[in-house]
């Protein structure tokens, strides 16, 4: 709890929602279709919804990362991940690239990305700098890929990292668990939604007023 | 083997030697002193020495990453990893920052770094671009931190990644093993020293000559 307070108190935080998009999350999405188990997404969604509601209530900015793949950014190396060299995931403009069960408010920022990490060839650093964000509250999918890559880069770029373990999901439990260990030991800290919401609620409570009349 | 050929044939490769420095590797170094088990380094060194000898014999460039920590780059976030806020590792100019059992040739490049990844706030991308490198043959310590962070960023910046499993070491076996899985599945491929040396030896054999006189 002490570490969480050190990461949140007097620091401007943002909730980063990574790749909560149909192709990664929906049972009919591209990742499910190539045989990955997306059931952990269903388990995480109540925590994510709760975290987003609380963030919005307490004025904590929410930033959405959205993967967009298209010919212009699908380099030979990037598509070499796929045996047939064809990237089936999150094509720009497709249903698969649309958000899954979350929706940015008009006031919230979406950062498009073309690699796992939200920092690679994107405007994320500029957005965070403009908003004077110091702490990244990391959520989304998949824990060990896009969330962890963004958390690693973010920490190395001097952001404090709080990974929300019940608001992230991976496609296997060992991958999810190893990221929690890695982030906790080397890249920041791990917390759950309740700890963060409790902190915001305590912090947001009106301070006792001195009656001077 | 097919994947290894696809990553090495007709591509300019470099061996990247990550953080093979006393503080990470030597039994008297800072990491051993804070209780981490550096014994896997001893196990990996023969493979690394063999790989470097073969690379030099076959004209494959070797690039050394060298961690250098000092006040100018030890940000609050970076030193928050340490309970006392003091970074005991690889101080610029110290014995701990010196290379451990390896030494760059005068013709080889050293890239200093201040975070886990060799790409964060360094000249590595410029060096690789200048040398027209396409494939990074990743070695060094620790597998899951500086090697993996550099491999993740490298892949996302469009370099082909070959992680050399017997020329890397972590401070625990599960961390080492998880990185092998992660890199193999998502960020490139895993090979061993023998496969790479064999490839260079086959490639380096003189082509059959047609006698035309």
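The values are calculated or read from the model by the stated rules, or taken from the named source; none is laboratory data. Predicted, not measured: the structure shown is a model, and the values here were computed from it. In this analysis, Cβ positions are derived from the backbone assuming ideal geometry, glycine residues included, and neighbour counts consider all displayed protein chains.
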- prompt: Only one residue in A:58, A:69 is modelled with pLDDT of 95 or more, out of contact with any strand residue (DSSP E or B) (no Cβ under 9 Å at 6 or more places or on another chain) and surrounded by 13 or more Cβ atoms within 10 Å (Cβ to Cβ). Which one?
  reply: A:58
- request: Go through region B:1-19 residue by residue and tally those that are touching a residue at least 60 places away in the same chain (Cβ under 8 Å), outside any helix (DSSP H, G or I) and surrounded by fewer than 24 Cβ atoms within 10 Å (Cβ to Cβ).
  value: 6
Among residues of region A:164-182, those that are under 24 Å from residue B:77 (Cα atoms) and free of Cβ contacts under 8 Å to residues at least 40 places away in the same chain, counted: 7
task: Those residues that are farther than 20 Å from residue A:168 by Cα, assigned to a loop (DSSP other than H, G, I, E, B) and within 14 Å of chain B (Cβ to nearest Cβ), I need them from region A:25-77; list them, please.
output: A:34, A:72, A:73, A:74, A:75
field: Sole residue being surrounded by 15 or more Cβ atoms within 10 Å (Cβ to Cβ) and more than 15 Å from residue A:31 (Cα to Cα), chosen from A:118, A:96, A:85
entry: A:118
message: Can you tell me how many residues within region A:116-137 are closer than 22 Å to residue A:69 by Cα and either modelled with pLDDT under 95 or within 11 Å of the chain's Cα centre (by Cα) (or both)?
response: 2
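Any residue at all in region A:78-97 that is within 14 Å of chain B (Cβ to nearest Cβ), at pLDDT 95 or above and within 25 Å of residue A:190 (Cα to Cα)?
no
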- prompt: Which one of these is closer than 22 Å to residue A:57 by Cβ, surrounded by 15 or more Cβ atoms within 10 Å (Cβ to Cβ) and either away from chain B (no Cβ under 14 Å) or modelled with pLDDT of 95 or more (or both): A:147, A:183, A:164?
  reply: A:164
field: Hits in region B:105-127 (condition: at the interface with chain A (Cβ under 9 Å from one of its Cβ atoms), under 16 Å from residue B:15 (Cα atoms) and touching a strand residue (DSSP E or B) at 6+ places or on another chain (Cβ under 8 Å))
entry: none
